[in-house]
Amino acid sequence: MSYNNGGYTEQGSSQALQSGGNVAAAPAKSRRGLWIGVGVVAALLVLGGIGAGVGVAVSNKNKSQNAAVVPGAGDNSQSNSGSSSGSSGNNSTDTDNQYANFAPTPGLQKIFYGMAYTPAGAVPDCKVSQEDVIKDIQLMSQMTNIVRTYGAGCNVPGLVLNAIKLTKVDLKVYLGNYITPGNDDSYNTQKQTIEDALKQYGHDNVLGVTVGNEVMLNACLDKTITDANSPLVKDAADYIVAKIADTRSSLAALGFTNIKVGNSDAGSYFATSVLEVSDYGLSNVHPWFAHTPVKDSVQWTWDFFEENNVQPAALLANKPEMVIAETGWPSGSKWANTTNNGAGEGGEASIGNLQIFLDEWVCQSNAKGIKYFYFELFDELWKDELYGGVEGYWGLLDSNKNLKPGITFPTCLISS
């Protein structure tokens, strides 16, 4: 991201443009969205039989890894298609409570309003397992009451809802449908996957369905503009509006009228027309990418969110609820020259500054009643390998899902 005219675009640090084959042409945060889209495409390949050799190899591998291991997991060769909720029937039973009776993890406390979550293996290879998702749900249930996902490829909705059912935790979810304007096949496949998961595992734990993630950001970047209300990107906004309406109609037809429908985008890139039809807006607000030292990061995030999201939304007739979709601080960087994004002293990506951000952000934001999803649960190795920089260092946990050494959770528990 870079700071522009009171906002910031998600373009990453210019230092991230490294030689040696590092993929840095796409914006830092939108690259993540690109690969969520790739996961959806991988699911579509299996569904449609395109690239049959690849589809068979992926489905067979996942079948052997997942199908017979977890109750209710079913045949993941179907779940990867995105058209199945991952089981031939609603047989999510755990007769000996092996998944519900899990030991508390040392160092974890339930202090976060929400957690941003992508299952390991879902991106970019669509190789997520039910066992891994169960472990993640067990971990997150000790840290928060609410989780948000990004896309419905690789049967993420079914795997998450099944894991919640098996672990018997009271965890709520905002499910995501990662859309690309013009790609109706991807949208429809993900919508069906979400609906199948709701029908199989129930909707009691689902608070909302988020249609689109950073669509307007990417549309504006493509046109090299910063105004999400520009006529140049109206087609992208219209596409989101249409898919929100379609999602709401489909959920209502199934009787799921209590599930909200919203949109997620970068903090400076919400189109007014999109918010006008949204029940909620999830806003990505990252102080590190905005060249902000850690000592100023919390106040900057509050101010940015209030001025760019909360206040404008309050002026709309439908008054969509605004929630911070992503905020956090990186604990390191792959390369020394990308550790600081231009903030000067105190702007480094480090364990020490991550701890400062946690200490300053969590308790004060909870006390203020600010709703947010912390970014993110664990480091994602694929991002470090593909993009470098700070991309793979945003987790509270390392890639092995252990609390990072040197990190201590603040003591301000949220209510269950």
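Side notes on the structure shown:
- Residue selected from region 122-148 under the condition within 14 Å of P104 (Cα to Cα) and without any contact (Cβ under 8 Å) to a residue 40 or more places away in the chain, by the criterion surrounded by the most Cβ atoms within 10 Å (Cβ to Cβ): I137
- Test result for L166, assigned to a helix (DSSP H, G or I), touching a Gly at 6+ places or on another chain (Cβ under 8 Å), crowded, with 24+ Cβ neighbours inside 10 Å and of a type outside the set (K, R): yes
- Flag for I179 being crowded, with 24+ Cβ neighbours inside 10 Å, part of a loop (DSSP other than H, G, I, E, B), of a type outside the set (D, E) and under 17 Å from the mean Cα position of the chain (by Cα): yes
- In the set (1) under 16 Å from the mean Cα position of the chain (by Cα); (2) farther than 18 Å from L282 by Cβ; (3) surrounded by fewer than 24 Cβ atoms within 10 Å (Cβ to Cβ), L171 fails one condition alone, (2).
- Among (1) of a type in the set (A, V, I, L, M, F, W, C); (2) within 16 Å of I111 (Cα to Cα); (3) assigned to a helix (DSSP H, G or I), the one test that W300 misses: (2)
- Filtered residues of region 213-231 (kept if of a type in the set (A, V, I, L, M) and either free of Cβ contacts under 8 Å to residues at least 12 places away in the same chain or not in a helix (DSSP H, G or I) (or both)): I225, A228
- Pick from region 358-416, criterion assigned to a loop (DSSP other than H, G, I, E, B), more than 13 Å from P330 (Cβ to Cβ) and aliphatic (A, V, I, L, M), ranking: nearest to the chain's Cα centre (by Cα): L377
- Tally, over region 391-404, of residues that are crowded, with 17+ Cβ neighbours inside 10 Å and either free of Cβ contacts under 8 Å to residues at least 24 places away in the same chain or under 28 Å from Y280 (Cβ atoms) (or both): 5
- V310 meets each of the listed conditions (1) more than 23 Å from E195 (Cβ to Cβ); (2) β-branched (V, I, T); (3) in contact (Cβ under 8 Å) with a residue 40 or more places away in the chain apart from (3).
- Filtered residues of region 140-172 (kept if modelled with pLDDT of 95 or more, out of contact with any strand residue (DSSP E or B) (no Cβ under 7 Å at 6 or more places or on another chain) and farther than 16 Å from A197 by Cα): S141, Q142, T167, K168, V169
The values are calculated or read from the model by the stated rules, or taken from the named source; none is laboratory data. Here the structure is a predicted model, which is why all the values come from computation and not from measurement. Cβ sites come from the backbone with ideal geometry, for glycine too, and all protein chains shown count toward neighbours.
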